[in-house]
Amino acid sequence: MAGTASFRRCAVCDRQTALWCSRCHEVWYCSPEHNIQAWPEHRLQCRSVTTVAPSNTIPESLETIAEESLRSVQAIFFPVNEDYPRMIAIELRDCGRACPVPVLEPHCKGTANSVVLQRALNKDLLRYPLHLFCDSERHVNRAVQRITSGLAKPFLGNAVVLKYNGTRRADYTNATEHDLPTLSAYFLHCQ
């Protein structure tokens, strides 16, 4: 779940909330428990933001906003065919949603799967959660193997990591090399 400054109503209990479904950004919940409770029904219509607005197209209804604000942030890219991760610029498209949509192509091909890393290895909440996107390529990622000294399970496909600007996950900020230890721990322990 992510958030913004505007308040909406929880889909379960109708309380005011600033949290929404982190996958589609369309349905609002007041707590993670209500998100989980509503998931069996919501999942039937929930579509990932990356599916709703693929990185190379803009939905027809948003074409007037298309000229809007394109900006970029630094992200960490783990390419399958390189030995080390590297910093890249990722464009963000503000499509009128709560959180901008990252343009992942050509780094992640097709519809990218994603996971939000909210906790550090010591179980503390991350002040700036990390958003990991990975494509469905079937090659072992050499950069992931390198930062984990080959100890992680084989990670398949390219990976792009963006950094949220806070725990409410309403926008992205620049990722840095200081985020690599958290990512290394994720690849080692959470696959």
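Readers should treat all values here as calculations from the given coordinates under stated rules, not as data from a laboratory. If you're wondering where the values come from, they're calculated on a predicted model, not measured in any experiment. Neighbour counts run over all protein chains shown; Cβ positions are idealised from the backbone, glycine included.
Points to keep in mind about this one:
- Residue-count net charge about V12 - beta-carbon cut-off 12 Å; Lys, Arg +1, Asp, Glu -1: -1
- ³J(HN,Hα) computed for each position of the stretch 171-188 - Karplus, 6.51 cos²θ - 1.76 cosθ + 1.60, integer Hz, glycine/proline x: 6, 10, 10, 6, 7, 9, 5, 5, 7, 4, x, 5, 5, 4, 4, 4, 5, 6
- In this structure the amide hydrogen of A175, modeled in the peptide plane, comes within under 5 Å of the amide hydrogens of Q74, A75, K163, none closer than 5 places in sequence on its chain.
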